[in-house]
Amino acid sequence: MVLKLILRRISDISAGRDHLLILTSAGHVYAAAASHNYPDKGQLGVPGLTWATRPKDRPYDSPLRVVTAGYLKINQIATGNYHSVLLDYNGGVWTFGDNSYGQLGFDYLPDQPTRDSPAELLLQSFYPSPITATCYQIAAGGMNSFYMVDAAQQQDQKVTADVWASGKGLWGELGNGKWTHVQGKPTKIKALSGLVECKHMPPSEMVNTV
């Protein structure tokens, strides 16, 4: 697996507190330990992986393949302190790792504070059926995740850009005007949402108001 990674071009790297993600030009993602503390919150995205179950035939910080349902190709990667976010080529979002503040975009569950395999975050469920939502960019940091979405009206194909956030908001990190300790369900950042790209108008069509 390490050999296959070497034979492909690395297109991006993102590092958290004790783990990192590597994205290859083929759309494959690899995760590796990146500190003396072996990642133990599922942020490597390999089901069942712990210090005790790690492969013993290679160094403990060797990259391991992260696989989504359907083996989808990944376009972007992002990492927070102890969690990871992936964006596939279809505009789908996948999260895994620590969810103690809801940073994975799912409600915090005391009996399941972490997820060790990629789970799809269905941003489409936050929109009514006439609107098609496609995530085009992701970001993560600390205990937060951010999702940039194009929302297209099916009737007139009007597209607006929205930004959603999840995770810790105790100090206003969510940008929604609230100080929420735990925010599992993504909340919309109103100041950065509902934006529409204006059509460029050539000078010949502009109205001279002078």
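Overview of results
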read-out: Selected residue [of a type in the set (A, V, I, L, M), over 26 Å from VAL182 (Cα atoms) and touching a strand residue (DSSP E or B) at 6+ places or on another chain (Cβ under 9 Å)] from VAL46, VAL93, VAL85, VAL67; value: VAL67
read-out: Residue count, the stretch 26-62 (criterion: on the phi > 0 side of the Ramachandran plot and in contact with a Phe, Trp or Tyr (Cβ under 6 Å, 6 or more places away or on another chain)); value: 2
read-out: Test: residue in the stretch 32-39 that is more than 14 Å from the chain's Cα centre (by Cα), of a type in the set (S, T, N, Q) and either buried (at least 23 other Cβ atoms within 10 Å of the Cβ) or modelled with pLDDT under 95 (or both); value: yes
read-out: Criterion violated by GLN124 - all others in (1) over 16 Å from GLU173 (Cβ atoms); (2) touching a residue at least 12 places away in the same chain (Cβ under 8 Å); (3) crowded, with 16+ Cβ neighbours inside 10 Å satisfied; value: (2)
read-out: Test: residue in the stretch 110-131 that is modelled with pLDDT under 95, among the aliphatic types (A, V, I, L, M) and not in a loop (DSSP other than H, G, I, E, B); value: yes
read-out: Looking only at the stretch 158-187, and only at residues there that are among the aliphatic types (A, V, I, L, M) and touching a strand residue (DSSP E or B) at 6+ places or on another chain (Cβ under 9 Å), the one that is nearest to THR79 (Cα to Cα); value: ALA165
read-out: Matching residues, the stretch 132-170, being within 18 Å of VAL196 (Cβ to Cβ) and in a loop (DSSP other than H, G, I, E, B); value: GLN154, GLN155, ASP156, GLN157, LYS158
read-out: So ALA133, is it in contact with a helix residue (DSSP H, G or I) (Cβ under 8 Å, 6 or more places away or on another chain) and among the small types (Gly, Ala, Ser); value: yes
read-out: Candidate set from the stretch 88-109 (those that are assigned to a strand (DSSP E or B) and in contact with a Phe, Trp or Tyr (Cβ under 8 Å, 6 or more places away or on another chain)); member that is surrounded by the fewest Cβ atoms within 10 Å (Cβ to Cβ); value: ASP88
read-out: Test for ALA15: is it within 21 Å of LEU87 (Cβ to Cβ), touching a residue at least 12 places away in the same chain (Cβ under 8 Å) and over 15 Å from the mean Cα position of the chain (by Cα); value: no
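The values are calculated or read from the model by the stated rules, or taken from the named source; none is laboratory data. These numbers come from a predicted model, not from an experiment. Positions of Cβ are generated from backbone atoms using ideal geometry, with glycine treated the same way; all protein chains shown enter the neighbour counts.
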